[in-house]
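Read the structure below first, then the notes.
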Amino acid sequence: MSTAPAQSPMAVTGIGLVTAAGRDTKETWSEITGATVPSSVRRPESMQGLPCDFAYAVDGLDVDAHLGGAIRLMDRFAQLAVIAAREAVADAGLDPDTWDGSRVAVVIGSAHGGLRFYDEQQAILHERGARRVSPKVAVLSVPNNAVSSVCMDLGARGPSLAVSTACASGTDAIGTALAWLRAGRCDIAVAGGAESLTSRVILASACQMRALSTRVDDPATACRPFDIDRDGFVVGEGSGLLVLEHPDHARARGAAVRAHVAGYGSSNDASSSVAPDENGAGIETALRAALADADLSAADIGHVNAHGTSTILNDLVESAALHRVFGDSPLVTSTKPMTGHALGAAGGIEAALTALALQDQVVPATVNLRQQDPRVPIQTVTRTARPARFDCAASTSLGFGGHNAALMLTRA
């Protein structure tokens with residue numbers, strides 16, 4: 001068993017991405033750094049007739065080809081997680097047939113879990129009666145369906161956990177994995193988030209809250225974080241998972257390291273179930289905790305992948321907190337205009353994109369940002385990706401229920 005000092009960074013040796021921007025990491029990163037508008041707008045049946053009737057979905061993914069008959073025991077969000085996990089493990093150069101599965105942990109965040117299958121079975125119950133309801137509902141509808149599916153697929157028998165802290169879930173999952181690796185509970189951890197929200201009642205509720213953009217005539221430019229004309233987020237689906245390893249383990253097998261997860265911080269606003277604390281004290285606390293955990297100063301951070309939802313209040317609160325912590329220096333972006341807001345998966349996806357930004361020394365643009373809200377006091381990257389030199393970066397998440405989480409990543 002290997003343990004590490006409390007502030008020791010852990011190596012990112014593999015990345016798996018399945019997003020509305022691309023079916024794998026290469027395709028996603030190419031779109032994130034090269035495209036100017038999302039290309040995966042969909043109008044799902046579950047959103048028809050709602051004030052917001054569109055979402056950003058994973059396009060052209062042949063789930064049957066990837067998973068075969070195993071999909072029968074997975075809701076859509078779990079299917080995406082297994083596909084992302086396989087890519088991340090392969091990217092890390094690991095072989096589940098030969099590793100010690102008892103030393104492999106899995107931590108995956110999801111805000112809503114398997115509601116697609118649940119809603120289908122609810123309709124069957126209403127229309128055809130209780131005897132026609134599938135016995136698999138209790139297995140497929142729970143948030144741990146992704147974790148258990150990944151564990152079974154990879155033969156990962158170490159500690160496992162399903163994290164559900166709303167839109168901070170994926171970030172909190174990676175933070176949990178970081179702590180487990182430092183404590184010697186595992187040598188390898190597959191961590192991040194997965195989500196595929198199609199529940200009509202939840203989407204209708206989000207419309208009632210005025211959280212979703214209603215730009216039904218121009219959905220490709222609807223998500224516009226930090227813009228003066230933003231009017232809400234666009235739902236996205238996907239999974240973003242990292243393979244994290246204890247540095248000694250990665251070094252012993254000669255693994256290529258993409259980046260390091262160096263610090264994690266979390267907090268709760270304890271003020272509202274739906275709105276962030278208006279002074280941004282909660283996310284500021286999480287950021288300062290993550291900096292301290294990484295033994296970094298605010299001046300070290302050259303890039304922030306912000307939560308940046310395109311909702312009026314979140315963008316104001318988050319940007320103010322970022323400015324108080326970091327000042328004007330970091331290049332800030334939100335990648336949600338390309339991926340949509342993948343809710344519990346957002347933190348995992350954005351941590352992966354932050355690692356890629358560090359590796360390639362490029363900051364993605366906040367596409368659709370045309371006129372920055374003058375109340376947003378940060379240096380945003382707009383229109384096209386920008387080459388930059390930076391050794392440290394942050395990724396932030398804010399979730400319903402007052403959840404705040406932040407990660408600090410460093411260049412390999």
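Here, each number is a calculation from the coordinates, and none is a lab measurement. Just so we're clear, the structure is a prediction, and the values are computed from it rather than from any experiment. Positions of Cβ are backbone-derived with ideal geometry, glycine not excepted, and every protein chain shown enters the neighbour counts.
One table, with the values for the structure above:
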read-out	value
Burial ranking of peptide ranges 48-56, 328-336, 297-305, 96-104 (average Cβ count within 10 Å, highest at the top)	328-336, 297-305, 48-56, 96-104
Inter-label distance for HIS126 and LEU313, nm, one decimal - labels placed 7 Å from Cα along Cα-to-Cβ	3.0 nm
Kirkwood-Stokes translational diffusion coefficient of segment 29-140, alpha-carbon pairs, 37 °C, 0.692 mPa s, µm²/s	190 µm²/s
Segment 327-372 versus segment 27-86: alpha-carbon centroid distance in Å	19 Å
Cβ-Cβ FRET estimate between ARG157 and ALA256, R0 fixed at 30 Å, reported to 0.05	0.70
Selected from VAL201, THR19, GLN122, residue furthest toward positive end of dipole (segment 10-252; charges at beta carbon)	GLN122
Formal net charge of residues neighbouring LEU287 (Cβ-Cβ distance under 13 Å; K, R +1; D, E -1)	-2
DSSP-defined beta bridges in the chain - what % are antiparallel, rounded to 5	65 percent
Residues ARG375 and ASP95, FRET efficiency given R0 of 60 Å [Cβ-Cβ distance, rounded to 0.05]	0.70
Normalised per residue, the volume of the convex hull around the Cα set of segment 261-411 (Å³)	91 Å³
Local electrostatic count at ASP300 - Lys and Arg +1, Asp and Glu -1, tallied over other residues with Cβ under 14 Å	0
Given charges at beta-carbon only (K, R positive; D, E negative), |dipole| of the chain in Debye	380 debye
Within-13-Å neighbourhood charge of VAL163 [Cβ basis; K, R +1; D, E -1]	-2
Estimated 222 nm signal from helices in the chain, with DSSP H stretches of n ≥ 4 weighted -39500 (n - 2.57), rounded to 500	-10000 deg cm²/dmol
Rh by Kirkwood over Cα pairs, then Stokes-Einstein D for the chain at 0.692 mPa s and 37 °C, µm²/s	159 µm²/s
Projected label distance in nm at ASP62 and VAL133, using a 7 Å step from Cα toward the beta-carbon	3.7 nm
